[in-house]
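These notes concern the structure reproduced below.
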Amino acid sequence: MNNLTKFKIQKPANEVFEAFVDPTKIGNFWFSSSSERWEEGKTITVRYEEYNAQVEIEVLEIEINKKIVYRWGANGEGHIVTINLKNADNVSTIIEVVEEGFNEEEEDFVTQLIDNKEGWVFMLSCLKGYLEFGVSNLRGGLVKD
């Protein structure tokens, strides 16, 4: 089962793309830090300081200013996330995030879908705040128990 989230950002695709792949920018809206620039074939370590958590992601595919595909999870398992960027006009981008790999047989399947959807909407809201308004201190505000 897939989890799809779409969002419109009032910035061109190249600026949105750079916010994701540039380790000096990603901390302004998503992870606290990223070990290096996201490029196809690389394994990147990302951290959430607020949750004392870190995870490695495997970048599977990059299409500059158009698409980022990565896998997160242990031992090559886990979910595959595809971030598509589509120019809506000359000044805005539609971001489509598709997360695949949910197991419908798991007891907490619906909870996982809702939790992940909440995370994507929050991250994209923080991205919008960062790119459109220069607000870079929203990302640590989501409370997870």
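Flag not set for E107, criterion: at pLDDT 95 or above and among the acidic types (D, E). Close contacts from segment 113-138, counting a first residue that is over 12 Å from K11 (Cα atoms) and a second that is part of a helix (DSSP H, G or I), with Cβ to Cβ under 7 Å and a gap of 6+ residues or different chains, come to C126/R139; V135/G129; S136/N28; S136/Y130; L138/C126; L138/G129. Whether a residue is assigned to a helix (DSSP H, G or I), at pLDDT 95 or above and of a type outside the set (V, I, T) was assessed, and L127 passes this test. Tell me yes or no: at least one residue of segment 135-144 is out of contact with any Ser or Thr (no Cβ under 9 Å at 6 or more places or on another chain) and in a helix (DSSP H, G or I). Yes, segment 135-144 contains a residue that is out of contact with any Ser or Thr (no Cβ under 9 Å at 6 or more places or on another chain) and in a helix (DSSP H, G or I).
For segment 29-58, the set of residues classified as surrounded by 14 or more Cβ atoms within 10 Å (Cβ to Cβ) and either of a type in the set (F, W, Y) or under 16 Å from I95 (Cβ atoms) (or both) consists of F29, W30, F31, W38, Y48, listed by residue number. Do we have V69 as at pLDDT 95 or above, buried (at least 17 other Cβ atoms within 10 Å of the Cβ) and touching a Gly at 6+ places or on another chain (Cβ under 7 Å) here? No.
Checking segment 43-52 against the condition returns a match, with at least one residue being touching a strand residue (DSSP E or B) at 6+ places or on another chain (Cβ under 7 Å) and of a type in the set (K, R). Restricting attention to segment 1-28, and to residues there that are at pLDDT 95 or above and among the hydrophobic types (A, V, I, L, M, F, W, C), which single residue is farthest from I68 (Cα to Cα)? Selected residue: I9.
Applying the criterion of at least 1 residues that are under 23 Å from G140 (Cβ atoms) and without any contact (Cβ under 8 Å) to a residue 60 or more places away in the chain to the strands (runs of 3 or more DSSP E) found wholly in segment 1-111 leaves 43-48, 53-63, 67-72, 79-87.
Of the residues making up segment 121-140, one or more are surrounded by fewer than 15 Cβ atoms within 10 Å (Cβ to Cβ), of a type outside the set (A, V, I, L, M, F, W, C) and under 12 Å from F7 (Cβ atoms).
The values are calculated or read from the model by the stated rules, or taken from the named source; none is laboratory data. The shown structure was predicted, so the numbers you read here are calculated from the model rather than taken from an experiment. Positions of Cβ are backbone-derived with ideal geometry, glycine not excepted, and every protein chain shown enters the neighbour counts.
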